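The values are calculated or read from the model by the stated rules, or taken from the named source; none is laboratory data. Being a predicted model, the structure only gives us computed values, none of them experimental. So basically every Cβ, Gly included, is an ideal-geometry build from the backbone, and we count neighbours across all protein chains shown.
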There are 2 protein chains.
Amino acid sequence: MKASVKDEIRASGKRLTRTRKAVVAVLESAKYPLSPAELYALLQRRKVAIDPVTIYRNLSALKSIGLVRQLKLHQEDQFRYEMKEGREHHHHIRCKSCGKIADLLLCPLKKLTAMIERETRFVVGDHSLEFSGWCPRCQ
Amino acid sequence: MKASVKDEIRASGKRLTRTRKAVVAVLESAKYPLSPAELYALLQRRKVAIDPVTIYRNLSALKSIGLVRQLKLHQEDQFRYEMKEGREHHHHIRCKSCGKIADLLLCPLKKLTAMIERETRFVVGDHSLEFSGWCPRCQ
DNA sequence: TGCTATTCGCAATTTAATTGCATTAAAGAG
DNA sequence: CTCTTTAATGCAATTAAATTGCGAATAGCA
């Protein structure tokens with residue numbers, strides 16, 4: 001668990017509990033955003049005793065202090081979570097067959113906001129972009 | 001209900017039932033993709049007696065014959081549905097405050113597929129793009 | 001070490017969606 | 001138009017993700 005993350009948890013007034021540290025450690029080692037169920041399975045494998053509800057509550061707490069990002073991938077019916085640290089702005093591609101998720105490095109949309117604000121009169125805060133298709137193994 | 005839609009339902013071997021016609025009619029008149037719950041409320045308002053389960057089953061049937069598109073908006077925990085007819089490829093913007101959804105007319109991503117396929121070795125099938133922000137009334 | 005607010009674990013609940021099954025009705029045949 | 005077959009419906013029950021209530025445990029600090 002990164003020292004900066006530890007500091008931010010402390011600074012927020014939240015506590016560094018056994019389960020919270022374990023949740024952060026797993027998220028930090030993940031290569032793609034994890035669902036609560038995947039997180040639970042990974043924690044089991046690490047022999048961390050934890051109730052699924054506690055995972056939800058920790059994710060919610062970490063999200064509320066801005067350490068974790070909650071996202072939902074196209075056509076999935078569950079939330080996923082990732083550490084914000086070092087994953088500033090990026091998008092994903094998801095395999096329609098096996099569900100494998102990979103990061104995309106580029107974001108082609110930075111210039112688009114002004115155009116959309118003109119078109120819709122919304123103030124744009126965010127965007128999500130996701131591709132789906134077939135990963136190398138499923139082709 | 002459009003004649004072409006009626007034809008496609010018939011051609012698929014599915015039946016033109018009272019409830020199915022009502023579901024299509026509401027979807028055709030919608031300006032943005034509807035959730036099953038919204039659909040139910042709109043049908044109630046039109047005095048159409050229908051069980052929520054029947055809405056789910058009709059949406060599933062209409063989707064399976066390609067008349068309806070199922071989508072999930074970022075951070076929402078329910079599916080939405082729209083007629084494909086006349087809404088070929090587009091994206092949405094959703095108000096973070098009131099949930100209002102508007103269509104976007106442009107799609108800037110058509111040229112991007114090749115680049116992504118090279119980067120990830122996936123074969124790209126689809127993409128979803130969604131903006132969120134604040135609508136005129138919520139600003 | 002002891003105090004107190006936070007966090008935890010378990011049980012129960014909520015909400016979207018799905019499934020089982022007996023009944024109803026669409027639509028083609030005669 | 002009536003009969004027959006089979007898809008579709010309505011209701012009840014179930015599944016799965018997420019949330020909430022509450023007493024017990026514990027992190028952090030005096």
Checked against (1) out of contact with any Asp or Glu (no Cβ under 8 Å at 6 or more places or on another chain); (2) more than 11 Å from DNA strand C (Cβ to nearest atom); (3) more than 14 Å from chain A (Cβ to nearest Cβ); (4) polar (S, T, N, Q), B:T17 satisfies every condition except (2)
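If you go through region A:106-123 one residue at a time, do you hit one that is hydroxyl-bearing (S, T, Y), more than 12 Å from the chain's Cα centre (by Cα), more than 27 Å from A:I55 (Cβ to Cβ) and more than 9 Å from chain B (Cβ to nearest Cβ)?
At the first step, the residues of region A:106-123 found to be hydroxyl-bearing (S, T, Y) are A:113, A:120.
If we keep only those that are more than 12 Å from the chain's Cα centre (by Cα) too, we end up with A:113, A:120.
Then drop every residue that is not more than 27 Å from A:I55 (Cβ to Cβ), which leaves A:113, A:120.
Add one more test, that the residue is more than 9 Å from chain B (Cβ to nearest Cβ), and what stays is none.
No, region A:106-123 contains no residue that is hydroxyl-bearing (S, T, Y), more than 12 Å from the chain's Cα centre (by Cα), more than 27 Å from A:I55 (Cβ to Cβ) and more than 9 Å from chain B (Cβ to nearest Cβ).
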Cβ pairs under 8 Å, 6+ apart or interchain, first in region B:58-73 and in the same structural domain as B:V26 (by TED's automatic domain parsing), second buried (at least 17 other Cβ atoms within 10 Å of the Cβ) and polar (S, T, N, Q), ordered by first then second residue, are B:L71/B:S128
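Find the residue count for region A:1-21, including only residues that are without any contact (Cβ under 8 Å) to a residue 60 or more places away in the chain and either assigned to a helix (DSSP H, G or I) or surrounded by 18 or more Cβ atoms within 10 Å (Cβ to Cβ) (or both).
Within region A:1-21, the subset without any contact (Cβ under 8 Å) to a residue 60 or more places away in the chain is A:1, A:3, A:6-21.
Now drop any that are not either assigned to a helix (DSSP H, G or I) or surrounded by 18 or more Cβ atoms within 10 Å (Cβ to Cβ) (or both), which leaves A:3, A:6-11, A:18-21.
Number of matching residues: 11.
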